[in-house]
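Colleague: For reference, the structure I am asking about is given below.
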Amino acid sequence: MTQTAPVRPYVRGEAEGDTLWFLGNLVTIKTTGAETRGRLTVAEFVNPPGFAAPLHRHLKEDELFYLLSGTARFRCDGEDLSARPGDLVFLPVGLAHTFTVGPDEPLRVLQITTPSGFEDFAATVGEPARERRLPTPAPVDPTVLGHAAAQHAIEILGPPPAE
């Protein structure tokens, strides 16, 4: 029988956590599956104004977003959900969804996925951030993104919405 290390309490400070540049966003991984017995991942995202995620669905994870600053419009399973600071958005496993960041300021959000694993997808697609700031905009190769998503039980269903 394999034994796992016990999970211990900790505090991860505001500027702590591994940082990635992921799809034009700054992502700070706050807790991982290795630290939660595979139960959840928490990542702080900073998305630039106007950023839009491709239409996709998670085949294993529920996804929650807690907005810290900025606004976003989420679309999930035919529902249009507008969110602002202090709002929590729940996107159930298996439902197609996307979101668009408001045009006036970056979106700062805690993304919680359960069970864990999203951190592995972000690390596969992203790169270590050289500075704690938004990356310089760069094109995303949809073939590479689709292949990485499939490896991590995420289906890319279409491009980001046109606003």
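Colleague: Within segment 113-127, which residues are over 14 Å from Leu145 (Cβ atoms) and among the charged types (D, E, K, R)?
Modeller: Glu119, Asp120
Colleague: Quick check on Gly33: is it in contact (Cβ under 8 Å) with a residue 40 or more places away in the chain, open to solvent by 30 Å² or more (accessible area, probe 1.4 Å) and either over 18 Å from Thr124 (Cα atoms) or not aliphatic (A, V, I, L, M) (or both)? I'd like the intermediate steps shown before the answer.
Modeller: On the way: in contact (Cβ under 8 Å) with a residue 40 or more places away in the chain: yes; open to solvent by 30 Å² or more (accessible area, probe 1.4 Å): no; either over 18 Å from Thr124 (Cα atoms) or not aliphatic (A, V, I, L, M) (or both): yes.
Spelling it out, it is not the case that Gly33 is in contact (Cβ under 8 Å) with a residue 40 or more places away in the chain, open to solvent by 30 Å² or more (accessible area, probe 1.4 Å) and either over 18 Å from Thr124 (Cα atoms) or not aliphatic (A, V, I, L, M) (or both).
Colleague: Something else now. Taking the stated definitions as given, is Asp62 more than 25 Å from Gly94 (Cβ to Cβ), touching a Ser or Thr at 6+ places or on another chain (Cβ under 8 Å) and at pLDDT 95 or above?
Modeller: Numbers: more than 25 Å from Gly94 (Cβ to Cβ): no; touching a Ser or Thr at 6+ places or on another chain (Cβ under 8 Å): yes; at pLDDT 95 or above: yes.
No; evaluated as a whole, the condition is false for this residue.
Colleague: Give just the number: which of (1) modelled with pLDDT under 95; (2) within 12 Å of the chain's Cα centre (by Cα) does Asn47 not satisfy?
Modeller: (1)
Colleague: Continuing with the same structure: Can you go through Val89, Val101, Val109 and tell me which one is among the β-branched types (Val, Ile, Thr) and touching a Lys or Arg at 6+ places or on another chain (Cβ under 9 Å)?
Modeller: On the way: Val89 fails: touching a Lys or Arg at 6+ places or on another chain (Cβ under 9 Å); Val109 fails: touching a Lys or Arg at 6+ places or on another chain (Cβ under 9 Å).
Within the list Val89, Val101, Val109, the selection yields Val101.
Colleague: List pairs: first residue in segment 98-113 and in contact (Cβ under 8 Å) with a residue 40 or more places away in the chain, second residue open to solvent by 60 Å² or more (accessible area, probe 1.4 Å) and hydroxyl-bearing (Ser, Thr, Tyr) anywhere in the structure, Cβ distance under 6 angstrom, at least six positions apart or on different chains.
Modeller: Pairs that qualify, where the first residue is in contact (Cβ under 8 Å) with a residue 40 or more places away in the chain and the partner is open to solvent by 60 Å² or more (accessible area, probe 1.4 Å) and hydroxyl-bearing (Ser, Thr, Tyr), are Gly102/Thr71; Leu110/Tyr66.
Colleague: Another question, then. So if I check each of Thr143, Thr136, which one is of a type in the set (Ser, Thr, Tyr), more than 14 Å from the chain's Cα centre (by Cα) and more than 18 Å from Leu26 (Cα to Cα)? Lay out the reasoning, then the answer.
Modeller: Values: Thr136 fails: more than 18 Å from Leu26 (Cα to Cα).
Just one listed residue meets the conditions, Thr143.
Colleague: Which one of the conditions (1) touching a Leu at 6+ places or on another chain (Cβ under 6 Å); (2) among the β-branched types (Val, Ile, Thr); (3) under 28 Å from Glu16 (Cβ atoms) does Thr98 fail to meet, given that it meets all the rest?
Modeller: Among (1) touching a Leu at 6+ places or on another chain (Cβ under 6 Å); (2) among the β-branched types (Val, Ile, Thr); (3) under 28 Å from Glu16 (Cβ atoms), Thr98 violates only (3).
Colleague: Being in a loop (DSSP other than H, G, I, E, B) and under 28 Å from Cys76 (Cβ atoms) is the filter; apply it to segment 1-36 and report the residue that is nearest to the chain's Cα centre (by Cα).
Modeller: Taking segment 1-36 as the starting set, the residues that turn out to be in a loop (DSSP other than H, G, I, E, B) are 1-17, 23-24, 32, 36.
When the remaining residues are screened for being under 28 Å from Cys76 (Cβ atoms), the result is 17, 23-24, 32, 36.
Details: Gly17: 15, Leu23: 10, Gly24: 12, Thr32: 13, Thr36: 17 Å.
Selected residue: Leu23.
Colleague: I'd like the residue in segment 7-21 that is over 16 Å from Phe121 (Cβ atoms) and of a type in the set (Asp, Glu) and, out of all such residues, is modelled with the highest pLDDT.
Modeller: Within segment 7-21, the match that is modelled with the highest pLDDT is Glu16.
The values are calculated or read from the model by the stated rules, or taken from the named source; none is laboratory data. Model, not experiment: these values are computed from the prediction. Don't worry about glycine lacking a Cβ; one is built from the backbone with ideal geometry, like all the others, and counts go over all protein chains shown. Protein only, heavy atoms only, side chains kept; ligands, DNA and RNA dropped before computing areas. Shrake-Rupley method; radii C 1.70, N 1.55, O 1.52, S 1.80 Å.
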